[in-house]
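Student: Here's a structure for you.
The values are calculated or read from the model by the stated rules, or taken from the named source; none is laboratory data. Every value quoted in this text rests on a predicted model; they were computed, and no experiment measured them. When the accessible area is computed, the model is the full protein with side chains, heavy atoms only, and any ligands, DNA or RNA have been set aside. Shrake-Rupley method; radii C 1.70, N 1.55, O 1.52, S 1.80 Å.
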Amino acid sequence: MKYNLIIADDHKMFIDGLLSILKEAPEFSVTLTAKNGAQVVKYLDINGAADIHLLITDLTMPEIGGIELNKIVKEKHPTLKTLVVSMHIDGQMIDQLIRNNVDGYVPKNAEKEELLSAIRTIVKGEKYFSKEIKRAYTDAMFQEKKNKEVVLTTREKEVLKLIAEENTTQEIADILFLSKHTIESYRKNLISKLQVKNLAGLTKHAIKMGLLDE
């Protein structure tokens, strides 16, 4: 079977290099080379995407860049596969592309064998992300999750620990030399802040945070 490709990149040297690589794979034919995403959108608007199997695109291009191009293509031509080949290895960019159903992503310094493997994998209906891309994405998602973790003040941790140790509101107030009303406010705030429903949920958080081991 013959697979028709579109290549979008504003660097002629990269396009020439990719065309040279694709000559070694007779199953692929390049229908269009474009300097930016706008040219790709115009071509697809006129000709449709029924005969195109894969769009290979850079990220940083004039007029319409790769992220926006991928989004437009997936909205207008959802069956058209997309592969990003870029020197930019940014976890947030990768996440944005994945959210918009990109089919693959490899760095521009990838070996030609990996690039051909990525193209063959994607046109057959599977996803392909290089190890470097997967690592950058995982690191970014871990950092985002870490940033979203709730941060408690020293006093909130003290109250949480005492709650988990099954002290009553009055007992906690006496231990911390605070009013019963203040402790009740802390308890309500902790339930809201930690997004739990009851004291059992607070206890689980105290255990998770290692407060009972102190």
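Student: In terms of the Cα gyration tensor, with a ≥ b ≥ c the square roots of its eigenvalues, is region 102-214 rounded because a/c is under 1.5, prolate because a/b exceeds b/c, or oblate?
Tutor: The shape class here is prolate.
Student: Just the accessible area per residue of region 1-95, please: how many Å² with a 1.4 Å probe?
Tutor: I get 49 Å² per residue for this part.
Student: For a quick check: with amide H placed at 1.01 Å from N, whose amide H comes under 5 Å from Tyr105's, ignoring anything fewer than 5 positions away on the same chain?
Tutor: Val84, Tyr128, Phe129, Ser130
Student: Distance from the Cα centre of region 90-106 to that of region 27-49, in angstrom?
Tutor: 21 Å
Student: Would you kindly find the accessible area of Tyr186, with a 1.4 Å probe and non-protein molecules such as ligands, DNA and RNA excluded, rounding to the nearest 10 Å²?
Tutor: Accessible area, nearest 10 Å²: 60 Å².
Student: Which entries of Lys134/Lys197; Lys74/Lys124; Lys71/Lys108; Lys76/Lys108; Lys74/Lys112; Lys42/Lys127 have Cα-Cα distances beyond 29 Å here?
Tutor: Beyond 29 Å between Cα atoms: Lys134/Lys197.
Student: Just the accessible area for His77, please: 1.4 Å probe, Å², rounded to the nearest 10?
Tutor: Answer for His77: close to 30 Å² accessible.
Student: Give the relative contact order (percent, whole number) for region 90-214; include only Cα pairs under 8 Å separated by 6+ residues.
Tutor: 21 percent
Student: Report in % the part of the accessible area of the chain that belongs to carbon and sulfur, leaving out ligands and nucleic acids; probe 1.4 Å.
Tutor: Whole-percent figure for carbon plus sulfur exposure: 51.
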